[in-house]
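To start, the structure under review is shown below, and the notes come after it.
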Amino acid sequence: MVVSSQPILQNSSNLYRTCKSTSDLHFSDINNNSVIPVIDMLDPKAKFLITKACEEFGFFKIVNHGVSDDTMIKLERDAVKFFDLPQCDKDKAGPANPYGYGNKRIGSNGDVGWVEYILLAVNDGFVSEKSVTIPGTPHLFWYALNEYVAAVRNIACVVLEKMADGLKIEPKNVLSRMLKDEKSDSCFRVNHYPPCTEIEAYLKGGRNFIGFGEHTDPQVISVIRSNNTTGLQISLKDGTWVSVPPDEHSFFIIVGDSLQVLTNGRFKSVKHRVLANSVRSRLSMIYFGGPPLNEKILPLSSLMEEGEESLYKEFTWHEYKKSTYMTKLSADRLGLFEKNMIVPYAKKLPNLGKIIL
């Protein structure tokens, strides 16, 4: 199945363009060919570097994170075994609604991509074997899965607590408590992007071959780890798409829409996408840290300056989550909740009740 999107870059040579690093960023490490900030979690200045990265990019890479390669490799190996199953066996774990196995179709609003995936609910920090029926998966698979999920959930909490330190707000767990709550609405996703030999024809036509379309993550924070295959890109403030060099030993952190609201726009949720690869398959594992469904998402009072007003209407995570399920991936979903949103005459918006009045 061939999937295309509206051209964003004018020619194929720009598809994997990266920006030159700049000396004024002052991050602990930046790749020679990329602006992607790399933050050493053992650096005493990490909390300030994280804050700066969230303000400028909404995205960064962390090293010295404390998770062993063995924990990452075990789950990747098991995930590869699942995606290598016959299609009829994988289909038994689907269709995704929203949890379960999905193939090419992303959500229920017409989005498609060159991807197959499995999406799992995380309850109180663990993935239940009862949440999705996955054929041919031994108990050891679930053990490896929960070992990994526990590790990345901990990373997410440590990063959020460093953010709070960097922002000089109290209490320290003001953000991480939402992920640690037993009712936290988090999830875990494994994406598999098979190689596709049809890409070259699309590049010659000036089109992008999309594995997963551009979007922001609605939750508070996302933690990504992938194999060493390229494809992930983020959008900079000027709209330029920048390739993220893969690193199977590290994690990448994404600021979600909810965190943007909690910081009253100081941190920006970053648009990102995945382009398909013509030679190698890409496997990525993503933990989405979400708050409890009834959690009110509004700017933190400890962060607001005197006289500062919220840029957003007050809403719960359940209300925002419901809204995101009703829109396409590329939509400005958070825009519906901005206080200065102008609604064109006769334009129909999702039925969100009082939250958009």
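Before moving on, here are some points about what is shown:
- Here region 156-183 is the region considered, the condition is being open to solvent by 10 Å² or more (accessible area, probe 1.4 Å) and in contact with a strand residue (DSSP E or B) (Cβ under 7 Å, 6 or more places away or on another chain), and the residue that is farthest from residue 302 (Cα to Cα) is 183.
- When 137, 133 are checked against the criterion of being at pLDDT below 85, surrounded by 15 or more Cβ atoms within 10 Å (Cβ to Cβ), assigned to a loop (DSSP other than H, G, I, E, B) and more than 17 Å from the chain's Cα centre (by Cα), a single residue qualifies: 137.
- Note on region 219-260: residues that are outside any strand (DSSP E or B), open to solvent by less than 10 Å² (accessible area, probe 1.4 Å) and among the charged types (D, E, K, R) amount to 1.
- Region 337-356 - residue that is under 14 Å from residue 297 (Cα atoms) and part of a helix (DSSP H, G or I) and, of those, modelled with the highest pLDDT: 337
- Elements of type helices (runs of 4 or more DSSP H) in region 19-109, at least 1 residues being modelled with pLDDT under 95, among the acidic types (Asp, Glu) and at positive phi: none
- Candidates 279, 244, filtered to the one that is of a type in the set (A, V, I, L, M) and within 24 Å of residue 154 (Cα to Cα): 244
- Those residues of region 296-336 which are part of a loop (DSSP other than H, G, I, E, B) and in contact (Cβ under 8 Å) with a residue 60 or more places away in the chain, in sequence order: 300, 302, 303, 326, 327, 328, 329, 330
The values are calculated or read from the model by the stated rules, or taken from the named source; none is laboratory data. This one's a predicted model, so the numbers in the text were calculated from it and none came from an experiment. Neighbour counts run over all protein chains shown; Cβ positions are idealised from the backbone, glycine included. Heads up: the accessible areas ignore ligands, DNA and RNA and are worked out on the full protein's heavy atoms, side chains in. Shrake-Rupley method; radii C 1.70, N 1.55, O 1.52, S 1.80 Å.
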